[in-house]
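The values are calculated or read from the model by the stated rules, or taken from the named source; none is laboratory data. The model shown is predicted, which means the values in this text are computed figures rather than measured ones. Cβ coordinates were reconstructed from backbone atoms using ideal geometry, including for glycine residues, and neighbour counts include every protein chain displayed. Surface areas here come from the heavy atoms of the whole protein model, side chains and all, with no ligands, DNA or RNA. Shrake-Rupley method; radii C 1.70, N 1.55, O 1.52, S 1.80 Å.
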Amino acid sequence: MASETAGAGALTASAPVSGARQFWRRLRTRRAALVAAAVVALLVLVALGAPLLAALEGQDPNTYHPHLIDSARGGVPVGPLGGISAEHWLGVEPQTGRDLFTRLVYGARVSLGVALAATLVQVLLGVTVGIAAGLGNRWVDQILSRATDVIVALPLMILALALMAIVPAGFPRPVLVALVVGLVAWGGTAKIVRAQTITLKELDFVAAARLSGWPTWKIARRELLPSLAAPVITYASLLVPTNVTVEAALSFLGVGVKPPTPSWGQMLTAADVWYQAAPQYLLLPAGALFVTVFALTVLGDGVRTALDPRAASRLSIGTGRKREARA
Amino acid sequence: MTGFLLRRALGAAVTLLAISVIIYVVFYAAPGNVAQISCGPRCSPAQVQQVADQLRLDDPLYLRYWHFLQGIFVGQDFSTGTALQHCDAPCLGFSYQTDQQVTQLILTKLPATASLALGAMVLWLILGVGTGVLSAWRRGRPTERILTGITLAGTATPVFVIGLVLMIVVCGQLQWLPFPQYVPFSDDPEQWAWNLLLPWLSLALIEAAKYARLTRASMLETLAEDHVRTFRAYGVGERSIIGRHALRGAVAPVIALNANDFGSMFGGAVLSETLFGIPGLGRELVHAVNVVDLPVVVGMVLVTGFFVVLANAVADVLYAVADRRVVLS
């Protein structure tokens, strides 16, 4: 779609493969990206250590606590601030009395796990399709590029939502969500990889490999993949926050992760009914989502700048601004 | 130019055809009992058989797709066991839940979504480009930093989060507005606008952030160019440089982004329609997915794809008009 105008080429402005050390050095100079990286690391720790944190609080995400619910007042939690107490650090859920802290930390698992898994699927598919289209003959390229156009043209949310209608029941729901989100959003990666592959395959080192009779897959693995790493990592780091949002959106709509598995999107669904009695029922998942997506976005931006300094002057946050300001 | 237009139209048509093939194959050739899936979990065996007949499941897939395509262009006759039901030209089949023609269903839901989308688009263009211009003008000053921070936060906020917070603060806490209830434009334009204000804002605030960043970046790029320096040397005022020359550089990218956003806006519409109870395409799609009404789902996806492809084609043309440097090839 819109190949004349597509920004696919913008991200690929070929960064010299800069080595991990140089990457870290560049990333370290950006304060915003560092803070974001710390936040993301903390979130990952919380997600991984969810059972530990739950044990520390002594609660369980799925146990109902009817005695903490004031049924006379329509199901709001007993006590001030939505039932915050020494046992329930962030209060309990209205109506069911389930512990909010544990639901929140287990929700981080779903949120980050699904988003990362979906990103992995997107990258694997995108890189495979992109390389195949770039190296293949005219017909392979035509067919794969058309398929890519289609997947790019269709809105991600709509397609993911629609696919949820036909996915088999009885499969673990988070896995399904990750697969569906992965399957509908590999187009951008494929476009970038194809463009990059076409440029690379004309270069001497690839031509030399081809002349020495290497099979195509070997050329792809040994010669192309290392050069593709920078643009792919850059793009993937920007996919993660989108995937977090999409998972939350699907769960919010009731077609994503299903109860009783805790998920931030799901927690938001019923929140508007309870905002007065238990404001944290809204604020916690909303805040968690915001912080996660925000941190991932800033980190992604930092990764992009560190991998491709030339792109830094375009849409940057942090220190890049000062240089632009002088321009 | 004519050649370019023709090529662009042809390209759009090919993409649409490809979309229809892929969507059809994905949804109707999925493993498992297609009739059972498309009829939904609440169908009786007799209904399932009827669906199987309607879908002509005994025919090979390409023939079934051909009939589907035929339905879109010339209409189609469905045998419903006893009677023959005709479905007019842009035929996307019948809903298994309500027996309504999918095309009819989409047409009845379209005005609400269009109201939401167009209003939000106007708002986000004004807000986004305005903010972008302001921060390019005030570059390096506190105003710009604050605006950059706000827009960055905006890009990171999901539509339903900001919508929910807006609704609770504006309607619940402050009670400035009643909780939105959709009123069709034809009934009462004033009420229509008031009730759509929050849905518009929730979509626009998030989208505007992207436009603000893009506008600012394009303007800063133009401001760094030689001809701008020349203007300055000639004593052209900053206001004129920003308003006339730098802004022009931002027009083309904004158009391109706007076309791309057409798609993500449908996604946003799903969320904001569900949240605010607007009876549009998005809410209908969520409903159809929940009750597994496959013809409706497929119809919706195709119509969405149609609008997105159309928007992109129009944008390409506008882009070429707005920026003469674009080579028409």
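Could you compute the longest span of chain B free of trypsin sites (Lys or Arg not before Pro) located in DSSP loops and having at most 12 other Cβ atoms within 10 Å, not counting the site residues? Before the final figure, lay out the partial values.
Details: sites that count: B:Arg42, B:Arg324, B:Arg325.
Between exposed loop sites, the widest span is B:43-323.
Using only Cα atoms, find the angle between the long axis of helix B:2-28 and the longest principal axis of chain B, and express it within 0 to 90 degrees, rounded to the nearest 10.
That works out to roughly 50 degrees.
Can you list the aspartates and glutamates whose alpha carbon is less than 16 Å from that of B:Lys210, not counting same-chain residues fewer than 8 positions off?
Counting by Cα, and skipping residues close in sequence, B:Lys210 has these aspartates and glutamates nearby: A:Asp301, B:Glu144, B:Asp261.
Scan segment A:215-292 for chymotrypsin sites (Phe, Trp or Tyr not before Pro) in coil per DSSP, keeping those whose Cβ has at most 13 other Cβ atoms within 10 Å, and list them by number.
Values: sites: A:Trp217, A:Tyr235, A:Phe252, A:Trp264, A:Trp274, A:Tyr275, A:Tyr281, A:Phe290; in loops: A:Tyr275.
Passing both the DSSP loop test and the Cβ count: no residue.
Run the helix sum for chain B: -39,500 (n - 2.57) per DSSP H stretch of 4+ residues, divided by residue count, reported at 222 nm to the nearest 500 deg cm²/dmol. The partial results should precede the final answer.
Details: 12 runs with 227 residues, N = 329.
For chain B, the value works out to -23500 deg cm²/dmol.
How many nm is it between the label spots at A:Ile198 and A:Val35, if each spot is 7 Å from the Cα in line with the beta carbon?
My value for the distance between the label points is 4.1 nm.
Could you tell me whether segment A:208-296 comes out rounded, prolate or oblate from its Cα gyration tensor? Rule is a ≥ b ≥ c as square roots of the eigenvalues, rounded for a/c under 1.5, then prolate if a/b exceeds b/c, otherwise oblate.
Numbers: a/c = 6.70, a/b = 3.32, b/c = 2.02.
Note, shape of segment A:208-296 comes out prolate.
Among B:Ala52, B:Val314, B:Gly93, whose Cα sits farthest toward the positive end of the charge dipole of chain B (+1 at Cβ of Lys/Arg, -1 at Cβ of Asp/Glu, about the Cα centre)?
Farthest towards the positive pole: B:Val314.
Counting Lys and Arg as +1 and Asp and Glu as -1, each charge on the Cβ, what is the dipole of segment B:106-328 about the Cα centre in debye, to the nearest 20? Please list the in-between numbers first.
Details: 16 positive and 15 negative charges, 211 e Å.
Magnitude of the dipole: close to 1020 debye.
³J(HN,Hα) across segment B:150-160 via Karplus (A = 6.51, B = -1.76, C = 1.60, θ = phi - 60°), whole Hz, x for Gly/Pro?
Ordered by residue, 3J(HN,Hα) equals 4, 5, 5, 4, x, 5, 9, 9, x, 3, 6 Hz.
How far, in degrees from 0 to 90, does helix B:189-223 lean away from the longest principal axis of the Cα atoms of chain B, to the nearest 10?
The angle comes out at about 50 degrees.
For the protein assembly as shown, with the dipole built from +1 on Lys and Arg beta-carbon atoms and -1 on Asp and Glu ones, taken about the Cα centre, which of A:Tyr64, B:Thr143, B:Val169 lies farthest toward the positive end?
In the protein assembly as shown, that residue is B:Thr143.
Tell me, what is the percent relative contact order of segment B:97-225, built from C-alpha pairs under 8 Å that lie six or more residues apart? If you can, show how the numbers build up before the last one.
On the way: 117 pairs, mean separation 54.6, N = 129.
Across segment B:97-225, relative contact order equals 42 percent.
Run the numbers on segment A:163-269 and let me know its relative contact order in percent, using alpha-carbon pairs under 8 Å that are six or more apart. Walk me through the numbers on the way to the answer.
Details: 72 pairs, mean separation 29.0, N = 107.
Contact order relative to length: 27 percent.
Checking an interface number: how much accessible area is buried between A and B, summed over both chains, with a 1.4 Å probe, in Å² rounded to 100? Provide the component values of the computation, followed by the final result.
Working: alone 16860 and 17610 Å², together 29730 Å².
So the buried area, both faces added, is about 4700 Å².
Quick check: with the 1.4 Å probe, what order do B:Tyr65, B:Tyr234, B:Tyr24 take by accessible area, largest first?
Details: B:Tyr65 40, B:Tyr234 185, B:Tyr24 10 Å².
Order by accessible area, largest first: B:Tyr234, B:Tyr65, B:Tyr24.
Accessible area per residue, 1.4 Å probe, Å², for chain B: what's the number? Don't skip to the answer; put the middle values down first.
Values: 15300 Å² over 329 residues.
Solvent-accessible surface per residue comes out at 47 Å².
Just counting partner chain Cβ atoms within 10 Å, what average do the residues of peptide A:245-251 show around their Cβ?
On the way: counts 8, 2, 0, 4, 9, 3, 0.
Average per residue, whole number: 4.
Based on Cβ point charges of +1 for Lys and Arg and -1 for Asp and Glu, what charge dipole magnitude is obtained for the protein assembly as shown about its Cα centre, in debye rounded to the nearest 20?
3000 debye
With all protein chains present and a 1.4 Å probe, how do B:Thr274, A:Thr29 order by accessible area, largest first? Intermediate results must be reported in sequence, preceding the final value.
Working: B:Thr274 50, A:Thr29 95 Å².
Largest to smallest exposure gives the sequence A:Thr29, B:Thr274.
Taking 8 Å as the Cα distance limit and 6 or more residues as the minimum spacing, I'd like the relative contact order of chain B as a percentage. Please list the in-between numbers first.
Numbers: 394 pairs, mean separation 77.7, N = 329.
Computed value for chain B: 24 percent relative contact order.
Using modelled amide H (1.01 Å from N, peptide plane; none on Pro or chain starts), what sits under 5 Å from the amide H of A:Asp70, excluding residues fewer than 5 places away?
Amide H to amide H, under 5 Å and 5 or more residues apart or across chains, A:Asp70 pairs with A:Gly75, A:Val76, A:Val78.
Which cross-chain or sequence-distant (5 or more) residues have an amide H under 5 Å from the amide H of B:Phe94, H modelled 1.01 Å from N in plane?
B:Val102
Given the alpha-carbon gyration tensor of the protein assembly as shown, what are the semi-axes of its equivalent ellipsoid in whole angstrom, ordered largest first, with each equal to the square root of 5 times an eigenvalue?
On the way: eigenvalues 279, 240, 154 Å².
With the √(5λ) rule applied to the protein assembly as shown, the semi-axes are 37, 35, 28 Å.
Once the dipole of the protein assembly as shown is set up with Lys and Arg at +1 and Asp and Glu at -1 on Cβ about the Cα centre, which of B:Leu247, A:Val240, A:Pro259 lies farthest towards its positive end?
B:Leu247
Using a 10 Å cut-off on Cβ to Cβ distances, tally the other chain neighbours for every residue of B:264-271 and report the average as a whole number.
Working: counts 5, 2, 5, 10, 3, 3, 7, 8.
Average neighbour count from other chains, rounded to a whole number: 5.
Round to a whole number: what % of the accessible area of the protein assembly as shown belongs to carbon and sulfur, probe 1.4 Å?
On the way: 19290 of 29730 Å².
Taking all protein chains in place, the protein assembly as shown shows 65 percent carbon and sulfur surface.
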